[in-house]
Amino acid sequence: MRRRLGGFFALAAVLAAIAGGGAATVSARQAAPAGAVATGYGGAVATVDPSATETAIEVLRNGGNAIDAAVAANAALGVTEPYVAGIGGGGFMVIYLAHSHKVVTIDGRETAPATFPQDAFIDPATGKPIPFNPQRITSGMAVGVPGTLATWTTAEKLYGSMPLSRLLQPAIAVARQGFVVDKTYHDQTDQNAARLRIFTSSRELYLDNGQAPAIGTTVHNPQLATTYELIAKKGPKALYRGAIGAGLVQAVQHPPVAPDANPGYTIRPGLMTEGDLAAYRAPLRAPTHVTYRGLDVYGMGPPSSGGSTVGESLNILGGFDLSGADRGLALHRYLEATRLAYADRNRYIGDPEFIQVPLEGLLSTGFAAERRCLIGPTAATSPVPAGDPTPPYSGCPAASASVAGREGDSTNHLTVVDRKGNVVSYTSTIEQIAGSAIAVPDYAFLLNNELTDFDAAPPADGTPDPNLPAGGKRPRSSMSPTIVLRHHKPLLAIGSPGGATIITTVLQILLNRIDFAMSLPDAIAAPRASQRNGAKTDAEPGFTAQYGTELESRFGQSFNATAEIGAATGIELLGKGRLEAAAEPVRRGGGTAAVVCPQRC
């Protein structure tokens, strides 16, 4: 059960804040909690949290567009989902603009400080990478220059219709009024309690006498409310050139380790400066684009690997008929296509400001045909080699193997459609659950540990690595916010958290919906498997129960059991103004979906 706002009056305060601060009046329909699926008109929202969904719906009801609603919802998530969202992190936003029939994307990925060295995560005493968890992730060195606030600002300046100061009011109200702890929040706190106890600011904000707060208790964050109020008053410069940024840099350079903390390892300070903050930008990027079964699929380009890897996989699978009765064969081909696409992702995708990414080749149908011919009747042995995306394409050449690095799953995704048909698919993150575990003193938000998405060291075989650390560089990501068009108009938008499994989650939902003819809610709820060029495929219990025996005996696939993969949200435009919003019914405690009007309005 997802947490609810702390009572009727807290929700009333949120609604009044959106409406402009007037008297709070809440109808029974408005106050009712959203479910995992909603169908109706006038706009739709799907997020991981009720307060974020309610916030976005009220923005739409009060005349805001999809961009406004997405920003307001993400700000609310920074309060109620602090371990997976917030202004201490970054993300990617994909937008469909109804008036121009154009897809645009905003790159809010975190950057490394200007002086960040390639050996930042190498232990000088051993010459080997510092252990990933908890040493590497729990440090100031892991913190990238955050891009979330810059993403909001860019989105609102170019495409929004409401001032950021107004859109922050619902989150401010929730932070002050409080929200009720649910099992997901409790469990995420408990799982990271040892790291949170290290830092004075984090233990004070998130722990109750050193422990996770009990389910059912109310959590307030008045310091974060004040932080948001400062941003509302002074704009993004409050962080990138002002007091919030100064506090952020202080926390990175001098992590607030408690005097009684004894983590058993050194908490390394970071290199970020106020100059790094002032130099940050969230640029527009060209979206990735492939055509699949007559549909146009748009995603996020580098430094995200989401759009390119989903796109390459779709191109490979486009040469097969997956819609027939042989579901086992279709799933075998799905697993093999992602095995190959991940090899190419790991070899070629990085920050395009630092390396030349062969994106055109990776997304070409000729290269896909070359990779498709490697899919045989049995599972390949991983790691399979990357291909060569340089034309001309012929045969089935092999190249050097490329193995994926580690990537955290502290991510969230929200999807919004407004009454005019604008669409936002927005994935944001602070990397691991609880990020670096360092909260900024006095400003009350967690800092990311995004720089651990860089590969710590070059491959031992000398293969070129596009994802090594460098000053000012953005680490590779798997975030895959996706928008699908049919005849130049939006059909559906989806995305998910889940670290490196995001790509396969989005791809599998697309296959479920397009090839297997599931409804969007069923496509999201269906059991998942994720093959990422590994020796075994990660699979949920429901997937192995339904398909495991056949895939193992018939195709030689093998599986690792994992409790859950991803936590998606999506919206489908059903035609004639009707919308269907869908979120997870169970994963991560279940998400929420809502529409502006259940009936035509």
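Summary of computed values
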read-out: The listed residue being of a type in the set (A, V, I, L, M, F, W, C) and under 17 Å from T80 (Cβ atoms), out of L149, L164, L168; value: L168
read-out: First in the stretch 350-372 and of a type in the set (V, I, T), second anywhere and not in a helix (DSSP H, G or I), Cβ under 8 Å, 6 or more apart; value: I355/P466; V357/P302; V357/I349; V357/G350; V357/P466; T365/G318
read-out: When residues of the stretch 340-380 are limited to those that are of a type in the set (D, E) and in a loop (DSSP other than H, G, I, E, B), the one farthest from M300 (Cα to Cα); value: E353
read-out: Members of the stretch 576-601 that are surrounded by fewer than 24 Cβ atoms within 10 Å (Cβ to Cβ) and under 15 Å from G42 (Cβ atoms); value: K576, G577, R578, E580, V596, C597, P598, Q599, R600, C601
read-out: Any hit, the stretch 178-188, residues being touching a residue at least 40 places away in the same chain (Cβ under 8 Å), part of a loop (DSSP other than H, G, I, E, B) and open to solvent by 50 Å² or more (accessible area, probe 1.4 Å); value: no
read-out: Those residues of the stretch 472-509 which are among the aliphatic types (A, V, I, L, M) and modelled with pLDDT under 95, in sequence order; value: A500
read-out: Pairs where the first residue, in the stretch 51-79, is more than 20 Å from Y443 (Cα to Cα) and the second is β-branched (V, I, T) and surrounded by fewer than 24 Cβ atoms within 10 Å (Cβ to Cβ), C-beta under 6 Å, 6+ apart; value: L60/V596; R61/V596
read-out: The stretch 456-511, residues that are of a type in the set (V, I, T) and open to solvent by 10 Å² or more (accessible area, probe 1.4 Å); value: T463, T501
read-out: Looking only at the stretch 385-433, and only at residues there that are within 30 Å of A66 (Cβ to Cβ) and surrounded by fewer than 24 Cβ atoms within 10 Å (Cβ to Cβ), the one that is modelled with the lowest pLDDT; value: D409
read-out: Which numbered condition Q531 misses (of (1) open to solvent by less than 10 Å² (accessible area, probe 1.4 Å); (2) at pLDDT below 95); value: (2)
read-out: All positions within the stretch 46-66 that are assigned to a helix (DSSP H, G or I), out of contact with any Asp or Glu (no Cβ under 7 Å at 6 or more places or on another chain) and modelled with pLDDT of 95 or more; value: A52, T53, E54, T55, A56, I57, E58, R61
read-out: Conditions (1) in a helix (DSSP H, G or I); (2) basic (K, R); (3) touching a Lys or Arg at 6+ places or on another chain (Cβ under 8 Å): number failed by R532; value: (1)
read-out: Sole residue being over 21 Å from the mean Cα position of the chain (by Cα) and open to solvent by less than 40 Å² (accessible area, probe 1.4 Å), chosen from L295, L329; value: L295
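The values are calculated or read from the model by the stated rules, or taken from the named source; none is laboratory data. Source: prediction; values computed, not measured. Reconstructed Cβ throughout: ideal geometry from the backbone, glycine too, with neighbour counts over all protein chains shown. Surface accessibility is based on the protein's heavy atoms, side chains included, excluding ligands, DNA and RNA. Shrake-Rupley method; radii C 1.70, N 1.55, O 1.52, S 1.80 Å.
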